[in-house]
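A quick write-up on the structure given underneath.
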Amino acid sequence: MEDAGFIIGGYVLTFVTVAFMSWRVLRAGKRLGKQVPDEDKYWL
Amino acid sequence: MTTTDPTLAQTDPADDGPASGIGTGTRGTRIIGIATIVAMGWLVAFGLGFSPEDRDQRESVRLLYVHVPTIWIAYLAFIVTAVASGMYFFGRKKALGWDRLAGASAEIGTVFVAVTLVIGAMWGRLTWGVFWQWDARLTTTALLFVTYIGYLAVRRLGGTHEQRARRSAVIGMLAVLEIPLVHWSVRLWRSLHQEATVLGTDADVSMDGLMLFSLFVGVVAFSLLYLWLVLHRTRVMAMEDLLDERGLDDALAARRAEAGGTQAGGTQAGVAQEGTA
């Protein structure tokens, strides 16, 4: 039972970490995207 | 990574053209993002469900489908940082895009090393009975993590973007030399950590087929995640740099206008004094 807690906890922790990082990057992109004109966005 | 002062970043986008409000996403990143989510779903299915338990490690082997891919992708991320740093440092054009790629890749690699260390500690608790040992592999990995925290800290020091790029490029090219040390630490010193099962020198992969496939799914999932993150983060950094430059330009223009106004005001006051006399 202790094994299951560690294993599932490990997966949950990993996914929460990467989801949080992804959300932060996307949020920063949207926030800054409003301030930068489209012609300066080389990816568009 | 350069921080953007919100007060300086409030430039009027209408001055230079319309901003659509679109962030850093494109069709390509959306496809990679969806593929990442699907691959992560497969990782959960195979890592926690379909793959068998190990004869010695029992169920704890399931943690390795996250632990191993995250450190491999962290190695890759740090190699990308070193190569991009070299491209900036030795390149003729000194393109800041290389510096931003180096910084973005190092950030993601550092997070992946943190995940590796935490998951490894959980695996160690189940397998060795302790969360941490001052073992060669664990210690060198912790050192790698601290080194890249330092690299990211150096990126946040003041100065121009070029100064940031030069400083961090040197560290980025030196820090990557730790990777061989981490990887071969289990052979160089008598380590508690097991030796490489897949990336060993004998090229003999003695793993169950489903276990190997689960590991492969993990590598694909975290590779896609890395690619998706590095694309978005590099674009965010490009916008941060642009707004930093604009903010500095605006501040300088405001300062010049203020200095000009003071000078004109001073001259007028001088004329008025002369007139009174």
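Annotations
- Among A:11-20, B:172-181, B:210-219, the order from most to least packed when residues are scored by Cβ within 10 Å on average: B:210-219, B:172-181, A:11-20
- Approximating the spin labels as points 7 Å out from Cα along Cα→Cβ, the A:Phe20-to-B:Val130 distance works out to 2.8 nm.
- Dipole of the stretch B:60-127 computed with +1 at Lys/Arg Cβ and -1 at Asp/Glu Cβ about the Cα centre; of B:Thr116, B:Ser60, B:Gly91, farthest Cα towards the positive end is B:Gly91.
- Of the chymotrypsin sites (Phe, Trp or Tyr not before Pro) found in the stretch B:110-180, the ones in coil according to DSSP and having at most 11 other Cβ atoms within 10 Å of their Cβ are B:Trp134.
- Residues B:Arg235, B:Arg27, B:Arg156, sorted so that the one with the fewest Cβ neighbours within 10 Å comes first: B:Arg27, B:Arg156, B:Arg235
- Spin-label pair B:Leu143/B:Leu177, simplified geometry with 7 Å Cα→Cβ offset, distance in nm: 1.2 nm
- Label-to-label distance for B:Glu258 and B:Arg55 is 7.5 nm, based on points extended 7 Å past Cα in the beta-carbon direction.
- Peptide B:60-69 shows a mean partner chain C-beta count of 3 within 10 Å per residue C-beta.
Readers should treat all values here as calculations from the given coordinates under stated rules, not as data from a laboratory. Keep in mind it's a predicted model, so treat the numbers as computed, not measured. A quick note on method: Cβ atoms are made from the backbone with ideal geometry, for glycine too, and the neighbour counts reach across all protein chains shown.
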